[in-house]
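Visitor: First the structure, then my questions, so here it is.
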Amino acid sequence: MVSMASEGSTAKKDAELLKEISKEIREKGLRLLGEGNVKKDLDADKRAYFTVQGETEKHSVIFDKVRNEWSCDCKFSSMKNRECSHIYACKLFEK
């Protein structure tokens, strides 16, 4: 799971987070969102569930509201324990 800053985070913290996310991941996340590939399946009290249609397969993204953590079932996120383009696209979807 990828832990993220709270809603009350400052612009400076947001800028620092963006530095940690590669340009390639940001661009792919923007493209996924722009192409309409992000769907919010369920918004429950403790979690929000998303489906993101990637280039070759669908991915499940979950936001744990209690822990303030994002997770994705893609290989990149699972193996690197870093924010992937699918998570980034969902975060943009929520803004």
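Visitor: Which members of the stretch 52-77 meet the condition of being more than 17 Å from Ser22 (Cα to Cα) and not in a strand (DSSP E or B)?
Guide: Gly54, Glu55, Thr56, Glu57, Lys65, Val66, Arg67, Asn68, Asp73
Visitor: When the residues of the stretch 78-95 are filtered to those that are basic (Lys, Arg) and out of contact with any Gly (no Cβ under 9 Å at 6 or more places or on another chain), which remaining residue is nearest to Glu20 (Cα to Cα)? So that I can check it myself, show each step before the final result.
Guide: Residues of the stretch 78-95 that are basic (Lys, Arg), as a first pass: 80, 82, 91, 95.
Cutting the leftovers down to out of contact with any Gly (no Cβ under 9 Å at 6 or more places or on another chain) gives us 80, 82, 95.
Numbers: Lys80: 13, Arg82: 9, Lys95: 19 Å.
Looking at the filtered set, the residue picked out is Arg82.
Visitor: Filter the stretch 1-51 down to residues that are at pLDDT below 95 and in contact with a strand residue (DSSP E or B) (Cβ under 7 Å, 6 or more places away or on another chain) and give me whichever is surrounded by the most Cβ atoms within 10 Å (Cβ to Cβ).
Guide: Going through the qualifying residues, I end up with Met4.
Visitor: Could you please find all residues in the stretch 80-95 being modelled with pLDDT of 95 or more and either within 18 Å of Glu24 (Cβ to Cβ) or not in a helix (DSSP H, G or I) (or both)?
Guide: Those that are modelled with pLDDT of 95 or more and either within 18 Å of Glu24 (Cβ to Cβ) or not in a helix (DSSP H, G or I) (or both): Cys84, Ser85, His86, Ile87, Tyr88, Ala89, Cys90, Lys91, Leu92.
Visitor: Go through the stretch 77-95 and count every residue that is in contact with an Asp or Glu (Cβ under 9 Å, 6 or more places away or on another chain), under 15 Å from Leu32 (Cβ atoms) and of a type outside the set (Ser, Thr, Tyr). Break it down into steps so the answer makes sense when it comes.
Guide: In the first step, residues of the stretch 77-95 are kept if they are in contact with an Asp or Glu (Cβ under 9 Å, 6 or more places away or on another chain); the result is 77, 82-83, 85-86, 91.
Checking the rest, the ones that are also under 15 Å from Leu32 (Cβ atoms) come to 77, 83, 85-86, 91.
In the following step, the residues that additionally are of a type outside the set (Ser, Thr, Tyr) were identified as 83, 86, 91.
Within the stretch 77-95, residues that are in contact with an Asp or Glu (Cβ under 9 Å, 6 or more places away or on another chain), under 15 Å from Leu32 (Cβ atoms) and of a type outside the set (Ser, Thr, Tyr) number 3.
Visitor: Further, regarding this structure: Could you go through the stretch 52-60 and let me know if any residue there is of a type in the set (Gly, Ala, Ser) and touching a residue at least 24 places away in the same chain (Cβ under 8 Å).
Guide: yes
Visitor: Among the residues of the stretch 61-87, which ones are in contact (Cβ under 8 Å) with a residue 24 or more places away in the chain and in contact with a Lys or Arg (Cβ under 6 Å, 6 or more places away or on another chain)?
Guide: Correct list: Asp64, Ser85.
Visitor: Filter the stretch 54-79 down to residues that are surrounded by 16 or more Cβ atoms within 10 Å (Cβ to Cβ) and of a type in the set (S, T, N, Q) and give me whichever is modelled with the highest pLDDT.
Guide: Ser71
The values are calculated or read from the model by the stated rules, or taken from the named source; none is laboratory data. Nothing here was measured: the structure is a model prediction, and the numbers come from that model. Don't worry about glycine lacking a Cβ; one is built from the backbone with ideal geometry, like all the others, and counts go over all protein chains shown.
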